Amino acid sequence: MLKISSAPHIHTTKTVPDIMKDVVIALLPAGLAAIVFFGLSALLIIITSVASCVLFEYFFGKYVFKTGNSTTDYSAIITGLLLAYNLPSNFPLFFVLIGSFVAIVVTKMCYGGLGKNIFNPALVGRVFLFISFPVAMSRWPQPYFLDFFNMDAQTAATPLGILKHIDASTSATSLTTSASDLPEYWQMFVGYTGGSLGEVSSVALLLGFIYMLYRKVIRWHIPFYYIGTVFILTGITWLITKDVRYEPITHILSGGLMLGAIFMATDYTTSPMSLNGKIFFAICCGVLTVVIRLFSGYPEGVSFAILIMNAFVPLIDRFFVPHHYGAKK
Amino acid sequence: MPKINTFPLGGIHIAKEKLTALSPIMDAGVPEYVYIPIKQHIGSPAKILVNKGDKVKIGTLLADADGICSADIHSSVAGEVVAIEPTEGADGYYENMITIKTAPDEYEPDIDTRTEIIRDIPEREVIIHKILHSGIVGLGGAGFPTPIKINIPQNKKVKCLIINGIECEPYLTADERLMAEKAEEIIIGAKILNKALGIQNAIIALDQNKPEVIEIMEKISKVYVGVNVKICATKYPQGGEKQLIKAITGKEVPSGKLPMDVGCIVQNAATAFAVYEAVQKNKPLYERIITISGDECRHPANYRVRIGTPAEYLIEKSGGISPQVTQIIYGGPMMGASIVNIKAPVNKLIGGILLLSDQKAQKLPMGNCIRCGKCADSCPMGLQPYLIGKFVQNNLIEATKSCYAMDCIECGCCAYVCPSSIPLLDYCKIAKAELKRKN
Amino acid sequence: MSELIYTNIFVLDGVALTAAVILYFVSKKFKSKSNPKVEQIEQCLPQVNCGACGKVGCHDFATACSKSTEEEFSKLYCPVGGLTVMNKIATLLGYEEQNKKEKRIAVLRCNGSCENAPAQKIYDGIFSCQIAATVSSSPNGCPDGCLHLGDCVRACPFQAIQIDEKTSLPVINPDKCTACGVCVRTCPRQLFEIRPINKKGEQVYVACRNRQKGAIARKNCKVACIGCQKCSTINSTIKVKDNLSYIPTTLSAEKYGKELSEICPTKAIVYRKITNIKEDADA
């Protein structure tokens, strides 16, 4: 029997699961780096997070929201991976479950599933955990190169934590650090420093970025303008004050900036549609990140910056409409 | 390396699949019956002049243009009119058609059937008269009667004639082959149009992926004053009128205006050839080149087809319908229409018949919009199809007006790129239809 | 510490006070002047903004009512709210109450179910009758028949229409239908008609819109009207035009219904009796 349908009769073969698969592949190097530096405990967290995200999506989609099985689009895997990458490797596994519940059920499925959430699910999960369990979320284990079974409780400071506490004026002297505690640039670049699982290794994240660019999953604008803004703002402050706390290269290589700029600010659903909107969004994220890092009590501001800007996306979309052919001037 | 022109907004790169780019044009022959629709253009249907039982020759006027926006219909075969009645068309709707039982070819006496090229261009009045009485319409697909298009109002000024030789739809090669084989005729056709418009220059826009045509055209255009070849990037929809004007002249046709408002007239290459034939050879438009192709077509080819030939006849000629064929399309895969009735005749506007397999022409179930923005990035008109889609889904037709839904050229880029298989083009069409109905 | 608390209280109260003052003046300045009568009328109306009365929405209708003279008012009618609502408005305006009108519901003038008109092609596209109608006549070949894609279901403001799973034709729930006419305007094939239903719940109508010649129509659909004129022999008000019969709404279903449905050779004429119909409150 012949089929009849409306034009166009051919379609791209790149569907949502294909795009999501590409993102998962792009996220893998960072996961490998995490296992290399933090051992099997990192793997355990990644597995727990991904599995719980997928299971939550499956059960809630099937039995609570009755929207059917939506796990086939791979987006739950991405959320799981991103959530795990935002946690320290010694994080209690039960708390991971709470995080994935908040991420998948509260942030995504309550809003209607993929494409309808306002905030990035993994980031909400992370911020929820960060606010609920601040101590567990700020104890970073010491990295060891290829020492899989190292489970000792020795903690290390993150480069940003070190920067935050260089200032000796605080009364808590035990927290005071000095510039000499900072790791070398190469250590920060490959990920041989304290920090969350996925965010430490800039090189692995950049590999993922290049892969996504190659597969045309994202455009280069958001990561470039985001990181660029952070670099320029901290750089200017550094040039004026000559204070090591504002040293730009440390700022872009450490913390969640790379992970946030490459994988979370570029999330389709929670970023603006038009190119100019994307650039504006990225610059605002960058400004907010720098403001939070330099002037607030938190050492890290990427997740807050992106979440705050997520809330502005509908407004940005309304304001930055693309040039329309034949528009009256 | 010559400059490559293109339009800046949107556009997509599709696999070209030009299977028949090198197969020369063959004559399709004459079927037993032809069915000639009396409306093959935009506007009012033509007035039927013949009666049942009349004997007709090739080129006999069957129906006369009725009103301002209409076109003449001529017989494409010699034979006898056996019926004038509503007949099932390609989309299943019944329309008035003249059925002719064919006899051996016999031409109207003033048609010049010799093959040599006639280079002397007659006077302007003669040209306009001949174009008016040869039933020429825009052969690119829209079917706007050419006599109206070249009749420029007093207050408008046209500076540039663009011959559209870009066939950006996948599979179709009818224009490409015509340009390769009849390059000089097309250029003379362009000069005739030039004279009719009272201007001196014509630009032949060609697609980058037609090296053979570019070479021939560049060689011949050197002989003719004022004819230039410009090369455009291979990008869909480069052949769209507005996109082509932007690429060639850098001007944008204002929203709701015509190309002549920016001083341009765009004519299809096949139309230019038809103009040549009509003016120099007195041959009305009764045949055209049609590509039969598709991934399930056994013998893809380019045919010279008499208007009114049933699609079935052409499909049989190129190997028949294999069991894998699930869609038959009149026109290209991006903008063409899938047909219900394969006995339906081809008309002046159809550039190709495609036989597609289920794998190729599959529609996946629609998913959620993931706000990837690919539709807006690919829209050559700079619209936001996802927004129009959302408005239509929620029955907010009025709101689509502020998204310029009326400017949609229905190229289908948005629906092609959508990873969630959302039928965005259909939503735009609904918005346009509803807005038109309300005004 | 206490200093901090006082500062906080002072600052926050200050902000609240300033905001309150600004809001007070803004609300004074931009207060919309509305006619109290219009508001009262609007409260009586069903507030679904269906547009069945011919006005843009309920507010527009209320404005029209409030401005109308008694003669003009008798021409205004809210088909959704029915007589109850109109009488309420009449009392508000001090006009005389209107008489009861016959109950009317929408009927579908097509019976091209999967069985009667089997599909010959597969439609593979968006669920929109409007688009399907531009793509092709219909998978079953009838250029005037139901497309089964449910534009009417989505358009109905009262959820009175549902697609029957067996026949895939839309079915109108006579209890919920208010004869608002949205479906009439929505259907790309104009298949719906608002027809009266008599006191016994009887209706008779031609369930076909196909204007093709009998043989062609019959080829695609078993129950198509073939324009045989048999029905017009029973009552001369039944007219056959373009191979299609039309039974006027004024024809008594009680008197002719049974006879008509029996004489129709293709069973295109539907005579039905809707029992247990929920009466309007004003009946």
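Helix C:82-93: angle to the longest alpha-carbon principal axis of chain C, degrees 0 to 90, nearest 10?
The answer is roughly 40 degrees.
Leaving out ligands, DNA and RNA but keeping every protein chain, what accessible area does residue B:159 have, in Å² rounded to the nearest 10, with a 1.4 Å probe?
Accessible area of residue B:159: about 130 Å².
Mind running the shape call on chain A? Use the C-alpha gyration tensor, a ≥ b ≥ c as the square roots of the eigenvalues: rounded below 1.5 for a/c, prolate if a/b tops b/c, oblate otherwise.
Here chain A falls in the oblate category.
How are the C-alpha pair distances of the stretch C:104-273 spread across 5 Å bins, as whole percents from the shortest bin up?
For the stretch C:104-273, the pair-distance distribution reads 1, 9, 18, 21, 21, 16, 9, 3, 1, 0.
Could you state the number of Å between the C-alpha centres of the stretch B:201-251 and the stretch A:246-279?
First find each Cα centre; the distance between them is then 42 Å.
How long is the gain from residue C:200 to residue C:259 if the chain were fully straight, where each residue apart is worth 0.36 nm and the alpha carbon distance is subtracted?
Result for the pair: 19.6 nm of gain on full extension.
Dimensions of the stretch B:173-254 along principal axes (Cα, Å, largest first)?
Principal-axis extents of the Cα atoms in the stretch B:173-254, largest first: 32, 30, 19 Å.
Share of antiparallel DSSP beta bridges in the protein assembly as shown, in percent to the nearest 5? Mind dumping the intermediate values first?
Values: 55 of 82 bridges.
That works out to approximately 65 percent antiparallel.
Using a 7 Å offset from the Cα along the Cα-to-Cβ direction at both residue A:327 and residue B:49, what is the distance between the two label points in nm, to one decimal?
For residue A:327 paired with residue B:49, the spin-label model returns 5.1 nm.
How many Å³ per residue does the convex hull of the Cα positions in the stretch B:215-357 occupy?
It comes to 159 Å³ per residue, whole-number rounded.
Mind checking the angle between helix C:2-29 and chain C's longest principal axis? C-alpha axes, 0 to 90 degrees, to the nearest 10.
Between the helix axis and the principal axis of chain C, the angle is about 50 degrees.
Residue C:9 versus residue C:165, label points 7 Å from Cα toward the beta carbon: distance in nm?
6.6 nm
Quick one: in the stretch B:310-350, what % of C-alpha pairs are over 16 Å apart?
36 percent
Listed here are the pairs A:216/B:251; B:363/C:222; A:116/B:246; B:149/B:191; which of them are more than 26 Å apart at the Cα? Could the numbers behind the result be given before it?
Numbers: A:216/B:251 30 Å; B:363/C:222 31 Å; A:116/B:246 36 Å; B:149/B:191 16 Å.
Listed pairs above 26 Å: A:216/B:251; B:363/C:222; A:116/B:246.
Tell me the relative contact order for the stretch C:23-74 as a rounded percent, counting alpha carbon contacts under 8 Å between residues six or more apart.
RCO, the stretch C:23-74: 29 percent.
Please give the contour-minus-distance gain from residue C:40 to residue C:84: 0.36 nm per residue of separation, less the Cα-Cα distance, rounded to one decimal in nm.
14.3 nm
Once every DSSP H run of n ≥ 4 in chain A is given -39500 (n - 2.57) and the sum is divided by its residues, what mean residue ellipticity at 222 nm do you get, rounded to the nearest 500 deg cm²/dmol?
Mean residue ellipticity at 222 nm (helix-derived): -16500 deg cm²/dmol.
Work out the FRET efficiency for residue A:106 and residue A:315 from their Cβ-Cβ distance, taking R0 = 22 Å, and round it to the nearest 0.05.
Working: r = 23 Å, r/R0 = 1.05.
Here the calculated transfer efficiency is 0.40.
Mind jotting down the distance between the C-alpha centroids of the stretch A:57-117 and the stretch C:55-77, whole Å?
Centre-to-centre distance over Cα atoms comes out at 54 Å.
Which sequence of B:17, C:3, B:434, C:72 reflects their accessible areas, 1.4 Å probe, from the largest down?
Final ranking, largest accessible area leading: C:3, C:72, B:17, B:434.
Given charges of +1 on the Cβ of Lys and Arg and -1 on the Cβ of Asp and Glu, with all other atoms neutral, how large is the dipole of chain B about its Cα centre, in debye to the nearest 20?
Values: 50 positive and 48 negative charges, 295 e Å.
That gives a dipole near 1420 debye.
From zero outward in steps of 20 Å, how is the percent of C-alpha pairs of chain B spread across the bins?
Reading the bins upward from 0: 25, 59, 15, 0.
Using a Debye calculation, one point per C-alpha and no hydration shell, please list log10 I(q)/I(0) for the protein assembly as shown at q = 0.04, 0.09 Å⁻¹ in order.
-0.29, -1.16
Would you mind computing the Rg to Rh ratio of the stretch A:16-137 from its alpha-carbon coordinates, Kirkwood style for Rh?
Dividing the radius of gyration by the Kirkwood radius yields 0.96.
Once every DSSP H run of n ≥ 4 in chain B is given -39500 (n - 2.57) and the sum is divided by its residues, what mean residue ellipticity at 222 nm do you get, rounded to the nearest 500 deg cm²/dmol?
Numbers: 13 runs with 116 residues, N = 439.
Value at 222 nm, helices only, nearest 500: -7500 deg cm²/dmol.
Could you give the angle, 0 to 90 degrees to the nearest 10, between helix A:221-241's Cα long axis and the longest principal axis of the Cα atoms of chain A?
20 degrees
Given R₀ = 22 Å, what would the calculated FRET efficiency be for residue B:119 paired with residue B:222, taking r from the Cβ atoms and rounding to 0.05?
0.90
Given the DSSP H assignment, sum -39500 (n - 2.57) over each helix run of at least 4 residues in chain C and divide by its residue total; what's the result at 222 nm in deg cm²/dmol, nearest 500?
On the way: 11 runs with 105 residues, N = 283.
Result for chain C, helices only: -10500 deg cm²/dmol.
Relative contact order for chain A: what is it in percent, counting Cα pairs under 8 Å that are at least 6 residues apart?
Here the relative contact order equals 18 percent.
Ignoring chymotrypsin sites (Phe, Trp or Tyr not before Pro) that are buried or in helix or strand per DSSP, and keeping those with at most 13 other beta carbon atoms within 10 Å, what is the longest stretch of chain A between them?
Longest gap between qualifying sites, sites excluded: A:1-144.
Run the count for the stretch B:1-145, please: Lys pairs, Cα-Cα under 29 angstrom, 8 or more apart or on different chains.
The number of close lysine pairs in the stretch B:1-145 is 19.
For the residue pair residue B:364 and residue B:433, what label-to-label distance in nm results when each label sits 7 Å from Cα along the Cα-to-beta-carbon direction?
Computed distance between label sites residue B:364 and residue B:433 equals 2.6 nm.
What do you reckon, how do A:77, C:126 stack up by accessible area (1.4 Å probe), largest on top?
I get A:77, C:126, largest accessible area first.
Using alpha carbon centroids, what distance separates the stretch B:54-133 and the stretch A:23-49, in Å?
72 Å
Within 10 Å of each Cβ in B:92-100, how many Cβ atoms from other chains are there, averaged over the peptide? Write out the running numbers ahead of the final one.
On the way: counts 13, 6, 6, 0, 0, 0, 0, 0, 0.
Mean inter-chain Cβ contacts per residue within 10 Å come to 3.
Report relative contact order for the stretch A:16-137 in percent, whole number only (criteria: Cα-Cα under 8 Å, sequence separation at least 6). Let's see the in-between values first.
Numbers: 154 pairs, mean separation 31.5, N = 122.
Once normalised by length, the contact order is 26 percent.
Per residue, what volume in Å³ does the Cα convex hull of the stretch B:345-439 take up?
Looking at the stretch B:345-439, the number lands at 136 Å³ per residue.
The values are calculated or read from the model by the stated rules, or taken from the named source; none is laboratory data. Here the structure is a predicted model, which is why all the values come from computation and not from measurement. Virtual Cβ from ideal backbone geometry, glycine too; neighbours counted across all protein chains shown. In case anyone asks, the SASA skips ligands and DNA or RNA and just uses the protein heavy atoms, side chains included. Shrake-Rupley method; radii C 1.70, N 1.55, O 1.52, S 1.80 Å.
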